[in-house]
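Working notes, beginning with the structure itself.
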Amino acid sequence: MNRKIITIHQPQYLPWIPYFHKVLQSDIFVLLDDVQFQKNGVQNRNQIKTPQGVLWLTIPVKQSFGQRINEVDIANKNVFGKHKKTLELNYSKSPFYSEIMNLLTPIFDKDFGKLVEINNEIIIELLSYLEFRGEIILSSQLNINLEGSERILEICKSLGASMYISGSGGKDYLNLESFGEANIEVIFQDYKSFEYPQLYAQAGFVKDLSVIDLLFNVGKQSKAWITKRN
């Protein structure tokens, strides 16, 4: 029987490298869009590198406590023009600036109302660029009304998973016995940070940035940089 590897993650804005490291190992990637929005997390912001160091790119949102990710509205659509300008100022001298901005600009120029819409479109576009051959599914399409470990298990079962790749945080809440009873093997992501060519050597190497920092600097080679860490 062929393995079917599933991974699951909330949609984030311009996610960091470990996000893609996990997804690129899977056959099916589930965008967990119908769980509670995390305020002050990375669902509406991420980091890039500037000559002075790290800078956050943040989407202002209108949200209330308990709201699901796919219910959160964008508060200021003008921010995307500013983000484009910020990327131009800080990455225009990178080797693959034009190539990556040609992917991002049409997305930034759209009139999105919901945070999840732009997050999902960017993630899907970047995964295509990274030649991800798996299937992408929204958890909201599965109509699973459970929480925590039970929710993850039910998603995996509904998709016929034989293996689930979890982030390291899953060790704190996944019921591994239940997964074993369902004949689903759980693997915890083993990601090790790595250095790659960056601009602004005077600022030193900066880790934990958005994946676009890697893409601007090494282009199509990004997949090889990411996947050799598997």
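The values are calculated or read from the model by the stated rules, or taken from the named source; none is laboratory data. This structure is a prediction, so every number in the text was calculated from the model and none was measured. We place every Cβ from the backbone using ideal geometry, glycine too, and count neighbours over all the protein chains shown.
Could you tell me how many of the residues in region 194-230 are touching a residue at least 60 places away in the same chain (Cβ under 8 Å) and under 19 Å from the mean Cα position of the chain (by Cα)?
20
Only one residue in SER168, SER92 is within 23 Å of LEU214 (Cα to Cα) and modelled with pLDDT under 95. Which one?
On the way: SER92 fails: modelled with pLDDT under 95.
After ruling out the rest, the residue left standing is SER168.
I want to confirm something. Restricting to region 94-152 and keeping residues that are among the β-branched types (Val, Ile, Thr) and under 26 Å from ASN217 (Cβ atoms), which single residue is farthest from the chain's Cα centre (by Cα)?
Here is the first cut: in region 94-152, the residues among the β-branched types (Val, Ile, Thr) are 100, 105, 107, 116, 118, 122-124, 136-137, 144, 152.
Filter once more, so that each one left must be under 26 Å from ASN217 (Cβ atoms): 100, 105, 107, 118, 122-124, 136.
Values: ILE100: 16, THR105: 18, ILE107: 16, ILE118: 12, ILE122: 9, ILE123: 6, ILE124: 9, ILE136: 12 Å.
Per the criteria, the residue is THR105.
Inside region 7-55, can you point out the residues that are surrounded by 22 or more Cβ atoms within 10 Å (Cβ to Cβ), among the aliphatic types (A, V, I, L, M) and assigned to a loop (DSSP other than H, G, I, E, B)?
Result: LEU14, single match.
For every residue, the table says whether it meets (1) under 29 Å from PHE205 (Cα atoms); (2) touching a residue at least 12 places away in the same chain (Cβ under 8 Å); (3) touching a strand residue (DSSP E or B) at 6+ places or on another chain (Cβ under 7 Å); (4) not charged (D, E, K, R).
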position: LYS39; (1), (2), (3), (4): yes, yes, no, no
position: ASN44; (1), (2), (3), (4): yes, yes, yes, yes
position: ASN70; (1), (2), (3), (4): no, yes, yes, yes
position: ILE74; (1), (2), (3), (4): no, yes, yes, yes
position: SER92; (1), (2), (3), (4): yes, no, no, yes
position: PHE96; (1), (2), (3), (4): yes, yes, no, yes
position: LEU115; (1), (2), (3), (4): no, yes, yes, yes
position: ASN119; (1), (2), (3), (4): yes, yes, no, yes
position: TYR129; (1), (2), (3), (4): yes, yes, no, yes
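Could you please let me know if ILE152 is crowded, with 17+ Cβ neighbours inside 10 Å, touching a residue at least 24 places away in the same chain (Cβ under 8 Å) and either under 20 Å from TYR19 (Cα atoms) or among the acidic types (Asp, Glu) (or both)?
Details: crowded, with 17+ Cβ neighbours inside 10 Å: yes; touching a residue at least 24 places away in the same chain (Cβ under 8 Å): yes; either under 20 Å from TYR19 (Cα atoms) or among the acidic types (Asp, Glu) (or both): yes.
Answer is yes for this residue.
Please go through region 93-135 and give me each residue that is outside any helix (DSSP H, G or I) and more than 20 Å from GLU71 (Cα to Cα), ordered by number.
Passing the criteria: LYS93, SER94, PRO95, PHE96, ASP109, LEU130, GLU131, PHE132, ARG133, GLY134, GLU135.
Being out of contact with any His (no Cβ under 8 Å at 6 or more places or on another chain), in a helix (DSSP H, G or I) and under 22 Å from PRO15 (Cβ atoms), is that true of even one residue in region 153-162? Write out each step before concluding.
Here is the first cut: in region 153-162, the residues out of contact with any His (no Cβ under 8 Å at 6 or more places or on another chain) are 153-162.
Adding the requirement that they be in a helix (DSSP H, G or I) leaves 153-158.
From the residues that got through so far, the ones that are under 22 Å from PRO15 (Cβ atoms) too are 155-156.
Checked region 153-162: at least one residue is out of contact with any His (no Cβ under 8 Å at 6 or more places or on another chain), in a helix (DSSP H, G or I) and under 22 Å from PRO15 (Cβ atoms).
Could you tell me which of the residues ILE74, ILE107 is of a type outside the set (Gly, Ala, Ser) and farther than 30 Å from LEU146 by Cβ? First the steps, then the outcome.
Working: ILE74 fails: farther than 30 Å from LEU146 by Cβ.
From the options ILE74, ILE107, the qualifying one is ILE107.
If a residue must be closer than 22 Å to GLN43 by Cβ and among the hydroxyl-bearing types (Ser, Thr, Tyr), how many such residues does region 75-104 contain? It would help to see each step written out before you state the result.
Step one: filter region 75-104 for residues closer than 22 Å to GLN43 by Cβ, giving 75-84, 86-87, 100, 103-104.
Still in the list and also among the hydroxyl-bearing types (Ser, Thr, Tyr): 86.
Count: 1.
Looking for whichever is assigned to a loop (DSSP other than H, G, I, E, B) and loosely packed, with under 14 Cβ neighbours inside 10 Å here; the options are GLU177, GLU195. Which one fits? Walk me through how you get there before you give the answer.
Values: GLU177 fails: assigned to a loop (DSSP other than H, G, I, E, B).
Criteria check complete, one pass: GLU195.
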